[in-house]
Every structure is written in C-alpha cells, then in structure tokens.
Amino acid sequence: MNQSPTEITLAFTGASGAPYGWRLLELLLKQQVKVHLLISSAARVVFATEHDIKLPAAAERCAAQLQQHFQCDAELLKVYGKDDWFSPVASGSAAPRQMAVCPCSTGSLSAIAQGASDNLIERAADVVIKEGGKLILVVRESPLSAIHLENMLKLSRLGVCIMPAAPGFYHQPQQISDLVDFMVARILDQLGLSQQLVARWGYGGN
C-alpha cells in the first residue's frame, strides 16, 4: 500500500469524463488532502458540457468558486494557471510526490510521454516522473490507436499508472454515479487513501 498523501497535484484535461475528476476532487478534500489543481482550457469546455459547471479561466476566481462550492479552507485547495511556472508543482524541490490527471486526454498523454512540458500540467507530470513519484493517468478515449497504446506503454515502463476510465459492473451499479464512484475508488486505492465507495473483490458480501 502506498503512503497516504497529505497533498497531491490534480489535473483536469480535455477528455470526456468530467464527473470522474469532480468526484475525485470532492473526496480528496473530504479527506483533508491538500490539492494543487490544474485545469486546461479544453477541460473547462468539457466541464461546462458534461457537468454544467463553468470554471473561470482566472486561477484566483476559480479557486474562490471551488472553495465555496466544496466548503473547504483556502489553504486546502490551490488553483494555478497553465503558465504559472513559479507554482510549487513546477519544481522537483516543492511538488507533491503524487499526481493524478483525471480525466486525461490522449493529447495530454502524448505530451507527457514526450516530456514536452509546454504548460504547467505537462511540466507537473514531468516533475513527478523524474522525481520517482506516483503519476496516475485516467485516460478516456475509444477506440485507442496504436499511437495511444505506444504512449501508454512507454509511460507504463517508466512507472506511470495507466488507468483507463473503464468502470466495472460487478458491484451492480444502479445509476451513473455508481460507475463514477467505481473509477474514483480505484484511483483512491492507487493513492493509498481510504474509500468506502465500492467494496473490494471478495469483500462485498455477494
């Protein structure tokens, strides 16, 4: 089991799957994990489309809106702009050792695999890899091309956790939120955080 993080970098990118990222953020904050949140421009479009949530482009305004929504302390949730190179997540000397990109677009997957570091999300992921931390990419795309698969294999060989947004059904989901919780539960497991969303296999009483 991984050591439970006290802080984590969380990135939303422009893949379908906004409910996964939103629920993950909610539960991290409930467990008093400090979140350094990064949001791509495409992610804001996806959140408005899939979740009817409009996230301001300005980092300070976005942080204030989210802090109010989740009723959390300002120190628990920090939001950074895509070019905020002076943020803690941009440096190996200050960045959290764990990061999740949820959802992760195949564009972000490609950029991370190539070490592009052209924006703060890519740089933060690069930092976690080079510092030997835990990076989780919740990739959402279908079908997957050979390019996508090659990028996943490359990153997996570097120790990155590739976790496609592919919920199971053995917990007999009754609504969409049950499918979202299945994936979020698996992410929390990977981070070493407690979760009671979905019973582990063999412990559900079925």
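The values are calculated or read from the model by the stated rules, or taken from the named source; none is laboratory data. Note that the structure is predicted; figures quoted are calculated from it, not measured. Cβ placement follows ideal geometry from the backbone for every residue including glycine, while neighbour counts extend to all protein chains displayed. Only protein heavy atoms, including side chains, enter the accessible area calculation; ligands, DNA and RNA are left aside. Shrake-Rupley method; radii C 1.70, N 1.55, O 1.52, S 1.80 Å.
Points to keep in mind about this one:
- Residue, least open to solvent (accessible area, probe 1.4 Å), within the stretch 88-109, restricted to residues that are more than 16 Å from the chain's Cα centre (by Cα) and within 25 Å of MET163 (Cβ to Cβ): ALA90
- Close contacts from the stretch 1-26, counting a first residue that is farther than 17 Å from GLU50 by Cα and at pLDDT below 95 and a second that is open to solvent by less than 20 Å² (accessible area, probe 1.4 Å) and among the small types (Gly, Ala, Ser), with Cβ to Cβ under 8 Å and a gap of 6+ residues or different chains, come to MET1/GLY192; ASN2/GLY192; GLN3/GLY192; SER4/GLY192; PRO5/GLY192.
- Taking the numbered list (1) in contact with a strand residue (DSSP E or B) (Cβ under 7 Å, 6 or more places away or on another chain); (2) of a type in the set (A, V, I, L, M); (3) open to solvent by less than 20 Å² (accessible area, probe 1.4 Å) in turn, ILE162 passes all entries but (3).
- Filter pass, ASP126 being part of a helix (DSSP H, G or I) and either of a type in the set (A, V, I, L, M) or free of Cβ contacts under 8 Å to residues at least 40 places away in the same chain (or both): yes
- Condition met for GLU60 (among the acidic types (Asp, Glu) and under 22 Å from ASP181 (Cα atoms)): no
- Close pairs from the stretch 82-110: first without any contact (Cβ under 8 Å) to a residue 40 or more places away in the chain, partner open to solvent by 10 Å² or more (accessible area, probe 1.4 Å), Cβ under 6 Å, at least 6 apart: ALA90/ARG123; GLY92/GLU131; ALA94/PRO88
- Some residue of the stretch 43-66 being surrounded by 17 or more Cβ atoms within 10 Å (Cβ to Cβ), under 12 Å from the mean Cα position of the chain (by Cα) and assigned to a helix (DSSP H, G or I): yes
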